[in-house]
1. So which residues in segment B:68-102 are under 18 Å from B:Val171 (Cα atoms) and touching a residue at least 60 places away in the same chain (Cβ under 8 Å)?
2. If we scan segment A:32-43, do we find a residue that is surrounded by fewer than 16 Cβ atoms within 10 Å (Cβ to Cβ) and either not hydrophobic (A, V, I, L, M, F, W, C) or not in a strand (DSSP E or B) (or both)?
3. Here's a check for you: in segment A:123-163, which residue that is under 19 Å from A:Gln49 (Cα atoms) and hydrophobic (A, V, I, L, M, F, W, C) is nearest to the chain's Cα centre (by Cα)?
4. Can you name every one of the strands (runs of 3 or more DSSP E) wholly within segment B:40-142 that holds 1 or more residues which are at pLDDT 95 or above and within 16 Å of B:Asp156 (Cβ to Cβ)?
5. Please name all residue pairs, on different chains or six or more residues apart, with Cβ atoms under 7 Å, provided the first residue is in segment B:113-136 and is farther than 15 Å from A:Leu27 by Cα and the second residue is assigned to a loop (DSSP other than H, G, I, E, B) and among the aromatic types (Phe, Trp, Tyr).
6. So if I check each of A:Gly25, A:Gly70, A:Gly47, which one is away from every other protein chain (no Cβ under 14 Å), without any contact (Cβ under 8 Å) to a residue 60 or more places away in the chain and either assigned to a loop (DSSP other than H, G, I, E, B) or surrounded by 19 or more Cβ atoms within 10 Å (Cβ to Cβ) (or both)?
7. So which residues in segment A:107-122 are assigned to a strand (DSSP E or B) and farther than 20 Å from A:Gly143 by Cα?
8. If you scan segment B:35-65, which residues turn out to be crowded, with 16+ Cβ neighbours inside 10 Å and among the basic types (Lys, Arg)?
Amino acid sequence: MRKLLVIFAAAVMITSLAAAQTATGNLTVTATVAGSINLVFNNDANGVQLTSGDGTNAASLNFGTVSAFGTLPTGVSRPTPTATTFTVSTPVDVQVNKTNSASANYTLVAQLTTADATNTWAVNGSAFTNASAGTATATGAYGSKVPVALAITIPFTTADSTVISNVVNFTATAN
Amino acid sequence: MKNRLTIRMLMATGLLLFGLPLFAQKPTATGTINAQLVNKNGIALVFDSDPGGVTLGSAGTSAATLNFGTISAFGPLSTGVTRTSLTAANFTVRTIFDVQVIQGGLTSTTYTLRAQLASVLPTGFSFKIDGVTLANGNTNIQTNGAYNVDVSHNLDLTVSTAAPGAGGPAVGTALTTVINFQASAN
């Protein structure tokens, strides 16, 4: 009996010594989620193809050589000229995506970066300058490509081979 | 007369007895202590900030905090946080933290690191460590961790892009989750 007790005690001690050593710790992780929206430009099937930046928010668009009466590049349209000006227009797609937001739609506006005292710029018929924005849409649908007509009205007095260049800033605001 | 003699003798004896120590050497005492200690083996786990990740609160302890800051699918992220994926359904942000398991007195050369969520996750959240999805039960993260060095781990937080109330997380408020870690000597 005594032997059994000794063996049992020894077994208990060995088990105790052999028990796996463990250590614990806890990491408290915090994050604050913010709703966000994102805007990208895409080629429009009926418009001038973007020179660069398709699918990004910094694209380049080249109307090419335009004139009041001559042939226009593919994707560029021209309403009937007035007595003093002509307008060229092309659609470009804008897609705005939203995350973590209950907003139903967005407002899209455009504004020139630098002043243009000669030509008139417009998005979806809404004129804009460097001082004031034009509204392309007040109810833009999220998650889909929305065609936006970008137009430039040029006076007949513009000299031949004049290059017109400006940066149009588009801003989408969640409604 | 006899009394006087007795008094003189007593005084002489007293002077002899109490005066001797004044001329003796400084007293010394010695002793020995038989000290004994039992070197208890064990391991400990601490969290450390990783140079590539966010700075932990209470780094160097076993109860640290990690704040991703404000995260979003498209917006800027805090230093040490990267966006590793973005789909229509969700986005994932990542940071790196270090775990150091210190051992003493063990013959073990490696450890197994497990982790589990302390509670149910906020709506629209899921966590992975080193690609392993965390749950409310212990999950192996690493089975051959090296002792006494910082071992970096990727912490991925995947967030639903759905709107609040439609399966997405609450917006604009800090959402907190506790992850419990356990290191076991192999």
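The values are calculated or read from the model by the stated rules, or taken from the named source; none is laboratory data. Predicted model only: the values in this text are computed from it and were never measured. Positions of Cβ are generated from backbone atoms using ideal geometry, with glycine treated the same way; all protein chains shown enter the neighbour counts.
1. Residues satisfying the conditions are B:Phe68, B:Ile71, B:Ala73, B:Ala88, B:Ala89, B:Asn90, B:Phe91, B:Thr92, B:Val93.
2. First pass over segment A:32-43, keeping only residues surrounded by fewer than 16 Cβ atoms within 10 Å (Cβ to Cβ): none.
No, because not a single residue in segment A:32-43 is surrounded by fewer than 16 Cβ atoms within 10 Å (Cβ to Cβ) and either not hydrophobic (A, V, I, L, M, F, W, C) or not in a strand (DSSP E or B) (or both).
3. Filtering segment A:123-163 for residues that are under 19 Å from A:Gln49 (Cα atoms) and hydrophobic (A, V, I, L, M, F, W, C), the one nearest to the chain's Cα centre (by Cα) comes out as A:Val146.
4. Numbers: elements: B:42-49, B:63-71, B:82-86, B:90-104, B:110-117, B:125-129.
It comes to B:63-71, B:82-86, B:90-104, B:110-117, B:125-129.
5. If the second residue must be assigned to a loop (DSSP other than H, G, I, E, B) and among the aromatic types (Phe, Trp, Tyr), no pairs are left.
6. On the way: A:Gly25 fails: away from every other protein chain (no Cβ under 14 Å); A:Gly47 fails: without any contact (Cβ under 8 Å) to a residue 60 or more places away in the chain.
Every option except A:Gly70 fails the conditions.
7. Across segment A:107-122, the qualifying residues are A:Gln111, A:Leu112, A:Thr120, A:Trp121, A:Ala122.
8. Residues satisfying the conditions do not exist here.
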